[in-house]
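Could you have a look at this structure, given as structure tokens, before my questions?
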Amino acid sequence: MPTIQDFQSPITPTWCPGCGDFAIWTAIKQALVQEGFGPMDVALCFDIGCNSNMADKINAYVFKGLHGRVIPLASGISLANKNLPVIAIAGDGGTFDEGMHHFIHAIRSDYNITLILHNNCDFGLTTGQATPTTPIGQKMNSTPFGVVESRLNPTQLALTLGASFVAKAFTGNVTQLISLIRDGIQHKGFSYIEVLQHCPTYNNFQDHKWIAERVYDVKTNNHDTSDLQKAMSLADYSQEKIATGILFKAPNSKDYLNKLDYRKDYKGNLKDEVKKYSIKELAHSFT
Ligand code: SF4
């Protein structure tokens with residue numbers, strides 16, 4: 001039986017004291033152990049950012065891509081090896097600035113990956129610039145007179161695009177986060193888990209206390225997770241309280257490969273199928 005020790009890396013985290021990344025790092029490892037996975041049973045994908053500095057702090061199969069490109073990286077791995085659980089870990093800056101189109105099309109396609117989205121409303125690694133989730137009017141290092149662009153609501157965007165699993169979590173509730181990550185892994189299709197986290201170094205407008213005073217678990221209200229309209233309204237920024245937990249889960253959803261009727265008789269993995277074909281001739285045609 002795998003243990004937390006199996007995922008321990010000799011490399012020590014360099015995150016600022018109080019950073020929410022510590023909680024997400026802990027929750028991912030706990031969720032994997034509780035699912036019975038060892039380090040070789042899962043693929044963890046990262047791009048660039050404070051969050052992605054987690055890549056060498058976990059002993060597992062880890063892939064690191066360019067900024068904002070973790071979703072195509074994870075999707076490709078999942079398509080090639082459909083039996084491998086694939087988790088993409090990314091931040092609000094990279095995902096909703098550079099990588100927005102990947103977010104849109106991965107949801108439309110319903111690739112079977114879990115996206116754990118660190119949302120701290122800033123670019124931390126590059127010293128506190130605004131991201132699309134920074135509130136309007138907020139002064140940041142890139143916007144000393146305040147953000148003028150309207151604020152993106154990624155939860156509502158995911159719901160609008162037809163995401164089959166949408167959840168919200170908070171780094172102050174690691175038990176709930178572990179449970180949501182496990183639910184996301186078990187879901188067949190694209191699972192979006194947005195984690196509200198504090199960045200104590202560059203975000204003084206929505207700190208840990210501010211978030212903690214507002215969050216509640218939708219389970220306490222017997223929320224119907226198949227009710228899309230209700231999920232949209234719970235995710236609205238105008239709400240006084242912040243709903244966490246599974247906001248929406250599509251009944252009877254099918255992930256991308258299971259939507260392809262012509263592949264329904266294929267039992268194997270694409271990574272093994274391609275070995276039957278020689279690409280030598282094709283490669284030569286480009287020389
Ligand atoms: Fe965490 Fe912010 Fe420090 Fe980055 S800058 S490690 S997000 S507290």
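Among what's in the stretch 1-54 and is in a loop (DSSP other than H, G, I, E, B) and touching a His at 6+ places or on another chain (Cβ under 6 Å), pick the residue that is farthest from Ala88 (Cα to Cα).
Gly20
With the condition kept exactly as written, say whether any residue in the stretch 178-201 is at positive phi and touching a residue at least 60 places away in the same chain (Cβ under 8 Å).
Yes, the conditions are met somewhere in the stretch 178-201.
Which number in (1) open to solvent by less than 20 Å² (accessible area, probe 1.4 Å); (2) free of Cβ contacts under 8 Å to residues at least 12 places away in the same chain marks the one condition that Thr175 misses?
Condition not satisfied by Thr175: (1).
Let me ask something else about it. Exactly one of (1) within 16 Å of the ligand (Cβ to nearest atom); (2) open to solvent by 30 Å² or more (accessible area, probe 1.4 Å); (3) in contact (Cβ under 8 Å) with a residue 40 or more places away in the chain is unmet by Thr14. Its number?
(3)
Would you check which residues across the stretch 180-217 are under 20 Å from Ala90 (Cα atoms), among the aromatic types (Phe, Trp, Tyr) and either in contact with a strand residue (DSSP E or B) (Cβ under 6 Å, 6 or more places away or on another chain) or part of a strand (DSSP E or B) (or both) and list them?
Residues satisfying the conditions are Tyr192, Tyr202.
I'm told Asn258 meets every condition in (1) open to solvent by 50 Å² or more (accessible area, probe 1.4 Å); (2) more than 23 Å from the chain's Cα centre (by Cα) except one. Can you identify the failing condition by its number?
(2)
Does the stretch 184-212 hold any residues that are more than 13 Å from the ligand (Cβ to nearest atom) and within 14 Å of the chain's Cα centre (by Cα), and which are they?
Gly184, Ile185, His187, Gly189, Phe190, Ser191, Tyr192, Ile193, Glu194
Quick one: is Arg151 more than 24 Å from Leu260 (Cβ to Cβ), surrounded by fewer than 23 Cβ atoms within 10 Å (Cβ to Cβ) and under 13 Å from the mean Cα position of the chain (by Cα)? Steps first, please.
Numbers: more than 24 Å from Leu260 (Cβ to Cβ): yes; surrounded by fewer than 23 Cβ atoms within 10 Å (Cβ to Cβ): yes; under 13 Å from the mean Cα position of the chain (by Cα): no.
Spelling it out, it is not the case that Arg151 is more than 24 Å from Leu260 (Cβ to Cβ), surrounded by fewer than 23 Cβ atoms within 10 Å (Cβ to Cβ) and under 13 Å from the mean Cα position of the chain (by Cα).
Here's another thing I want to ask about it. Any idea which of Gln156, Gln129 is free of Cβ contacts under 8 Å to residues at least 60 places away in the same chain, polar (S, T, N, Q) and in contact with a helix residue (DSSP H, G or I) (Cβ under 9 Å, 6 or more places away or on another chain)?
Gln129
Could you run through the stretch 17-38 and say how many residues are open to solvent by 60 Å² or more (accessible area, probe 1.4 Å) and among the aromatic types (Phe, Trp, Tyr)?
Residues in the stretch 17-38 being open to solvent by 60 Å² or more (accessible area, probe 1.4 Å) and among the aromatic types (Phe, Trp, Tyr): 1 in total.
Another question, if that's okay. Suppose we filter the stretch 71-100 for residues that are under 25 Å from Asn153 (Cα atoms), in contact with a strand residue (DSSP E or B) (Cβ under 6 Å, 6 or more places away or on another chain) and open to solvent by 30 Å² or more (accessible area, probe 1.4 Å); how many remain?
The total comes to 1.
If you take the residues of the stretch 58-70 that are farther than 11 Å from Ile87 by Cβ and open to solvent by 10 Å² or more (accessible area, probe 1.4 Å), which of them is nearest to the ligand (Cβ to nearest atom)?
Among them, the one singled out is His67.
Among the residues of the stretch 205-223, are any within 30 Å of Gly146 (Cα to Cα), open to solvent by less than 100 Å² (accessible area, probe 1.4 Å) and in contact with a Leu (Cβ under 6 Å, 6 or more places away or on another chain)?
Within the stretch 205-223, one or more residues are within 30 Å of Gly146 (Cα to Cα), open to solvent by less than 100 Å² (accessible area, probe 1.4 Å) and in contact with a Leu (Cβ under 6 Å, 6 or more places away or on another chain).
Pairs under 7 Å by beta carbon, first residue closer than 11 Å to Lys82 by Cβ in the stretch 264-280, partner open to solvent by less than 100 Å² (accessible area, probe 1.4 Å) and assigned to a helix (DSSP H, G or I), six or more apart or different chains?
Asn269/Ala80; Leu270/Leu79; Leu270/Ala80; Lys271/Ala80
All but one of (1) within 16 Å of the ligand (Cβ to nearest atom); (2) of a type in the set (Ser, Thr, Tyr); (3) within 13 Å of the chain's Cα centre (by Cα) hold for Thr171; which doesn't?
Every listed condition holds for Thr171 apart from (3).
Here's another thing I want to ask about it. Does the stretch 273-280 include one or more residues that are in a loop (DSSP other than H, G, I, E, B) and touching a helix residue (DSSP H, G or I) at 6+ places or on another chain (Cβ under 8 Å)?
No.
The values are calculated or read from the model by the stated rules, or taken from the named source; none is laboratory data. Predicted, not measured: the structure shown is a model, and the values here were computed from it. Glycine gets a Cβ as well: all are built from the backbone with ideal geometry, and neighbour counts include every protein chain shown. Please note that ligands, DNA and RNA were not included when accessible areas were found on the heavy atoms of the full protein model with its side chains. Shrake-Rupley method; radii C 1.70, N 1.55, O 1.52, S 1.80 Å.
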